[in-house]
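Chemist: Just dropping this structure here.
The values are calculated or read from the model by the stated rules, or taken from the named source; none is laboratory data. Every value quoted in this text rests on a predicted model; they were computed, and no experiment measured them. Virtual Cβ from ideal backbone geometry, glycine too; neighbours counted across all protein chains shown.
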Amino acid sequence: MDFIVNNSTVSDKLMPTSDAGWKKKLTSEQYAVLREKGTEAPFSGKYVHEKKSGTYNCMACGNPLFSSDAKFDSGTGWPSFDQALPGAVKYERDGAHGIERTEVLCAECDSHLGHVFDDGPSETTGKRYCMNSVCLDLKEKN
């Protein structure tokens, strides 16, 4: 069996249980970033300059991750947010490439989303969640 039903906040979503299942569900670019911890090229993602209101969900499982109210233009080339929705993400230490960073993962499906840094807006949280557009799916407010 390649899929299981996730019984948490995205209970109506089928979740792959194998790499083969993820490869069937995702495009090759999505798979490279979400499952293999890749990074899209700066300024290439569709949400870098997005201004529409809504909720940014995980492209892999549909888990709500960020509110558009938390989005800001960091000038880095990736969509940036000053905070995640409560319980939406989890964190892991990332020492790859000789750099100490904090990786951000979807709390529901463990997909790689990007990294969080302490150089965000000081008037809010001071955090910059630097996310890959390919990992996100904007559900617009009606």
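Chemist: With the checklist (1) in a loop (DSSP other than H, G, I, E, B); (2) surrounded by 13 or more Cβ atoms within 10 Å (Cβ to Cβ); (3) touching a Lys or Arg at 6+ places or on another chain (Cβ under 9 Å); (4) of a type outside the set (A, V, I, L, M, F, W, C) in hand, flag the one item residue 56 doesn't pass.
Modeler: It is condition (1) that residue 56 fails.
Chemist: Within segment 1-33, restricting attention to residues that are in contact with a strand residue (DSSP E or B) (Cβ under 6 Å, 6 or more places away or on another chain) and buried (at least 18 other Cβ atoms within 10 Å of the Cβ), which residue is modelled with the lowest pLDDT?
Modeler: Checking each candidate, the answer is 15.
Chemist: Shifting gears a bit: Does segment 98-118 contain at least one residue that is assigned to a loop (DSSP other than H, G, I, E, B), at pLDDT 95 or above and more than 14 Å from the chain's Cα centre (by Cα)?
Modeler: Yes, because at least one residue in segment 98-118 is assigned to a loop (DSSP other than H, G, I, E, B), at pLDDT 95 or above and more than 14 Å from the chain's Cα centre (by Cα).
Chemist: I would also like to ask the following. Can you name the number of the only condition in (1) aromatic (Phe, Trp, Tyr); (2) assigned to a loop (DSSP other than H, G, I, E, B); (3) over 16 Å from residue 137 (Cβ atoms) that residue 47 fails?
Modeler: (3)
Chemist: Is there any pair with a first residue in segment 60-84 that is within 16 Å of residue 134 (Cβ to Cβ) and in contact (Cβ under 8 Å) with a residue 60 or more places away in the chain and a second that is part of a loop (DSSP other than H, G, I, E, B) and among the hydroxyl-bearing types (Ser, Thr, Tyr) whose Cβ atoms are under 6 Å apart and which are 6 or more apart or on different chains, and what are they?
Modeler: Final answer for the pair search is 60/111.
Chemist: Then there is this: When only residues in segment 98-115 that are of a type in the set (Asp, Glu) and surrounded by 16 or more Cβ atoms within 10 Å (Cβ to Cβ) count, which is nearest to residue 67 (Cα to Cα)?
Modeler: Among those residues, the one meeting the criterion is 108.
Chemist: Another question about this same structure. Can you tell me which residues in segment 87-97 are surrounded by fewer than 21 Cβ atoms within 10 Å (Cβ to Cβ) and in a loop (DSSP other than H, G, I, E, B)? Before the answer, list the steps.
Modeler: Restricting attention to segment 87-97, the residues satisfying the condition of being surrounded by fewer than 21 Cβ atoms within 10 Å (Cβ to Cβ) are 87, 90-97.
Listed by number, the residues that qualify are 87, 95.
Chemist: Of all residues in segment 61-86, count the ones that are in a loop (DSSP other than H, G, I, E, B), under 14 Å from residue 104 (Cα atoms) and either of a type in the set (Gly, Ala, Ser) or modelled with pLDDT under 95 (or both).
Modeler: Qualifying residue count, segment 61-86: 1.
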